[in-house]
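Colleague: I'd like to ask some things about the structure below.
Each value in this text was obtained by applying a stated rule to the coordinates, not by laboratory testing. Since this is a predicted model, take the numbers as computed values, not measurements. Positions of Cβ are backbone-derived with ideal geometry, glycine not excepted, and every protein chain shown enters the neighbour counts.
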Amino acid sequence: MTDPTAIDGPRFAPWAGSWRAVLLLTLAVTAARVAYLVLLCPYSLIEDEAQYWVWSLHPDWAYSTKGPGVAWAIGLATQVLGDAEWAVRLPAALAGGVAMLAVAGLARDTIPDRRAAFFAAACMGLAPVFQALSLLMTIDGPLVACWALACWSAWRALAMGSKRAWVALGLVLAVGVLFKFTIVLLVPGIVLAWALRRRAWRAWPTGVVLAHALLMLGVAPPILWNARHGWPTLAHLLGHAGLPGSDLAPTAEPGYSPLWTLSLLGAQLALVGPALALMWVGWRGRRETAGPGPASGTLLHLSLPVLLFYLGLSFLSEPEGNWPVAGWVAPMPLAGWGAVHGMDRFKRRLRDWLALPAPRPRAGLLRRRPETIPQVAWHATLAVGIAVAIVVARLDLILGLPIVSSAVPAGRLTGLTRVPRLAAHVRTLADGTGSDPIVIAQHYGRAAQLWYYLHRSRRPGDGPVTVYCASRPLGGRKTPWDFWPDTDLADPALLGRAAVISADEPGTPGEAHLRRAFESLQHAGRLDGDPKRRRAAYLGVGYRGFTDAP
């Protein structure tokens with residue numbers, strides 16, 4: 001019997017066909033990431049990471065904006081390894097390794113050419129967004145890992161009729177919901193793929209009921225928590241969509257901007273990189289020998305709901321570019337196949353070109369040698385991935401350059417190494433009051449960062465650190481701080497105390513309201529290292545409490 005993966009001519013990377021190669025790649029990449037976090041990473045925690053660390057100090061079944069998964073993961077890591085930045089981020093690096101293995105497993109099950117599994121994992125590890133999510137402990141890294149495992153389980157359940165795969169699917173979806181509710185957008189894709197595969201109908205109702213029951217185990221804690229607290233998560237999500245019932249004040253001029261959609265599409269090109277071209281190549285070659293065949297349709301069905309959902313959302317409000325990135329997990333096997341298949345053809349063309357007598361004709365656009373779109377896309381994926389890894393390792397140095405700092409939308413990554421200085425300045429201001437002042441920040445992200453670094457820099461004899469968040473009292477959105485007894489700014493025990501405050505600069509409505517909350521308020525300039533331009537420091541005396549909105 002003829003080997004369906006055999007080709008006439010040289011094969012690209014024949015060693016990549018073994019599962020051992022996939023394991024070695026994943027272990028090497030994960031070990032390198034962990035070593036970097038422990039030994040070389042210069043970055044202080046970004047706002048979201050610090051916020052989730054604060055959540056881990058308040059274990060609960062859910063929080064006002066997210067499920068409890070990220071807090072539980074960080075809490076477990078820091079309880080075992082301590083509160084260092086690398087310990088907070090370790091679950092992200094491990095989740096990145098799990099995602100690479102799951103994508104490789106999905107490719108191995110859907111594509112006859114087993115080399116595709118190795119290159120699917122490689123494309124996953126090289127994509128800029130998945131590199132970042134493996135180094136920063138946000139909810140998206142664990143979400144992507146759960147998404148990849150769910151896609152793999154769904155394929156095995158649908159195509160192979162495995163009851164164990166249905167159970168695995170339900171468990172992974174349940175865990176994914178605890179990290180980010182977005183994973184429920186995978187369910188319509190699974191239903192669509194199930195409806196289009198008649199062989200999977202025989203699993204009804206046993207497999208589907210099992211998966212659904214297990215998924216409900218993950219959904220139950222956030223729902224019960226929200227029902228007890230007035231559904232703040234629903235109000236938060238409606239705020240992202242710009243819909244009525246949100247926890248945001250309505251904008252003065254609601255409307256649609258085409259830039260919302262264009263920026264979302266452009267962000268996908270930048271975040272996923274040239275691997276998108278390899279996905280297209282893999283889709284185009286789905287009917288080739290040893291190609292993905294009918295599996296290519298299932299891979300797309302698993303991706304379409306989340307991608308279309310956020311595309312539609314971009315017509316209602318301005319989305320963030322990272323929101324739909326989980327939708328690019330399922331097509332990664334197509335990228336792996338596109339790389340393998342394209343490089344096979346490139347090697348054959350190169351062999352034939354080298355056999356020609358000199359001088360050989362020009363056969364490529366960029367070089368004299370032959371070139372093909374898949375070959376260029378794979379080399380670009382490799383080059384961009386390596387370049388991003390190098391740049392990300394010391395992004396703080398690049399963002400410090402005059403032109404780059406104004407051209408690159410660093411956003412939440414600003415101040416990557418300066419937050420400890422900011423916390424030290426707060427401690428100096430607190431010591432200067434001659435009392436034991438409370439620390440208040442208007443923004444939850446700054447409150448979380450100050451809490452983390454004041455905690456890390458505690459001196460012998462210092463008690464527990466608490467940093468209060470005044471977002472809601474100053475007219476902003478509710479935050480998890482509003483649901484914890486130990487961060488309640490209405491606590492009578494706080495009355496009369498001095499405070500060090502990080503809030504909007506003088507002349508803003510927030511500053512005027514802040515003055516009414518204290519007997520006296522003194523502007524103390526800017527906090528050392530604060531990357532936010534319109535952020536100021538204040539010293540308050542005689543805390544009265546927040547009684548009205550600005």
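Colleague: What does a probe at Asn322 reach in the stretch 96-129, counting residues whose amide N is under 12 Å from the point 7 Å along Cα→Cβ?
Modeller: It comes to 129, nothing else.
Colleague: Once you order the gyration tensor axes a ≥ b ≥ c over the Cα atoms, which shape class does the stretch 127-180 get: rounded for a/c under 1.5, otherwise prolate or oblate by comparing a/b with b/c? Intermediate results must be reported in sequence, preceding the final value.
Modeller: Working: a/c = 4.65, a/b = 2.00, b/c = 2.32.
Here the stretch 127-180 falls in the oblate category.
Colleague: What does the charge add up to near Ala21, with Lys and Arg as +1, Asp and Glu as -1, over the other residues with Cβ less than 12 Å from its Cβ?
Modeller: Once all neighbours under 12 Å are counted, the net charge is +4.
Colleague: Another question about this same structure. Just from the alpha-carbon atoms, what are the Rg and Dmax of the stretch 20-153 in angstroms?
Modeller: Using the Cα atoms of the stretch 20-153, the pair Rg, Dmax is 15.4, 48 Å.
Colleague: Within the stretch 305-325, whose backbone N sits under 12 Å from a point 7 Å along Cα→Cβ of Leu196?
Modeller: 305
Colleague: Given H placed 1.01 Å from N in the peptide plane, which residues other than close sequence neighbours of Arg526 have an amide H under 5 Å from its amide H?
Modeller: Counting only residues 5 or more places away or on other chains, the set is Ala537.
Colleague: Right, here's the next one. Charges on Cβ only, +1 for Lys and Arg, -1 for Asp and Glu, centred on the Cα centroid of the stretch 419-543; of Thr508, Ser435, Ser520, which one is farthest towards the dipole's positive end?
Modeller: It is Thr508, whose Cα lies furthest towards the positive end.
Colleague: Follow-up. All other residues with a Cβ under 10 Å from the Cβ of Gly291 taken together, and with Lys, Arg as +1 and Asp, Glu as -1, what is their net charge?
Modeller: Numbers: positive: Arg284, Arg286, Arg287; negative: Asp113, Glu288.
Neighbour charge sum, excluding Gly291 itself: +1.
Colleague: Using C-alpha positions alone, give me the convex hull volume of the stretch 419-543 per residue in cubic angstrom.
Modeller: Roughly 101 Å³ of hull volume per residue.
Colleague: About the Cα centre of the chain, how large is the charge dipole given +1 on each Lys and Arg Cβ and -1 on each Asp and Glu Cβ? Please answer in debye to the nearest 20.
Modeller: 2260 debye
Colleague: Ok, one more. For Ile438, enumerate residues with amide H under 5 Å from its amide H, sequence gap 5+ or separate chain, H modeled in the peptide plane.
Modeller: The list, which skips near neighbours in sequence, is Ala498, Ala499, Val500.
Colleague: Hey, rough spin-label estimate for Leu238 and Ala28, points 7 angstrom out along Cα→Cβ, what's it come to in nanometres?
Modeller: Calculated label separation equals 5.2 nm.
Colleague: I would also like to ask the following. At what distance in nm do the modelled label points of Ser263 and Leu76 sit from each other, each positioned 7 Å from its Cα along Cα→Cβ?
Modeller: Distance between label points: 3.6 nm.
Colleague: Pulled fully out, how much extra length does the chain show between Ala380 and Ala35, if you take 0.36 nm times their separation in residues and subtract their Cα-Cα distance?
Modeller: Taking 0.36 nm per residue and subtracting the Cα distance, the gain is 121.6 nm.
Colleague: Let me know the longest stretch in the chain that avoids all trypsin sites (Lys or Arg not before Pro) found in a DSSP loop with at most 11 other C-beta atoms within 10 Å.
Modeller: The reported range is 1-286.
Colleague: Output wanted: per-residue J couplings in Hz (rounded whole) for the stretch 84-91, from phi through Karplus 6.51 cos²θ - 1.76 cosθ + 1.60, θ = phi - 60°, x for Gly and Pro.
Modeller: Going residue by residue, I get 5, 4, 5, 5, 4, 8, 3, x Hz, with x marking Gly and Pro.
Colleague: Please give the contour-minus-distance gain from Thr206 to Arg533: 0.36 nm per residue of separation, less the Cα-Cα distance, rounded to one decimal in nm.
Modeller: Roughly 112.0 nm would be gained on extension.
Colleague: Could you calculate the contour length gain from Ala493 to Arg515, that is, 0.36 nm times the residue separation minus the distance between their Cα atoms, to one decimal place in nm?
Modeller: Stretched out fully, the Ala493 to Arg515 stretch lengthens by 6.0 nm.
Colleague: Next up: For the chain, report the convex hull volume of the alpha-carbon atoms normalised per residue, in Å³, without decimals. Don't skip to the end; give the middle numbers.
Modeller: On the way: hull volume 95.2 nm³, N = 550.
Residue-normalised Cα hull volume stands at 173 Å³.
Colleague: For Lys66, go through the aspartates and glutamates and keep the ones whose alpha-carbon is under 13 Å away, minus same-chain ones fewer than eight residues off.
Modeller: Asp48, Asp140
Colleague: Still on this structure, please answer the following. Taking the Cα centre of the stretch 419-543 as origin, sum charge times position over the Cβ atoms of Lys and Arg (+1) and Asp and Glu (-1), and report the length of that vector in debye to the nearest 20.
Modeller: 440 debye
Colleague: Right, next: Using the C-alpha atoms of the stretch 281-363, what convex hull volume per residue, in cubic angstrom, is computed?
Modeller: 128 Å³
Colleague: About the Cα centre of the stretch 469-550, what is the dipole size in debye to 20, counting +1 per Lys and Arg Cβ and -1 per Asp and Glu Cβ, all else neutral?
Modeller: 260 debye
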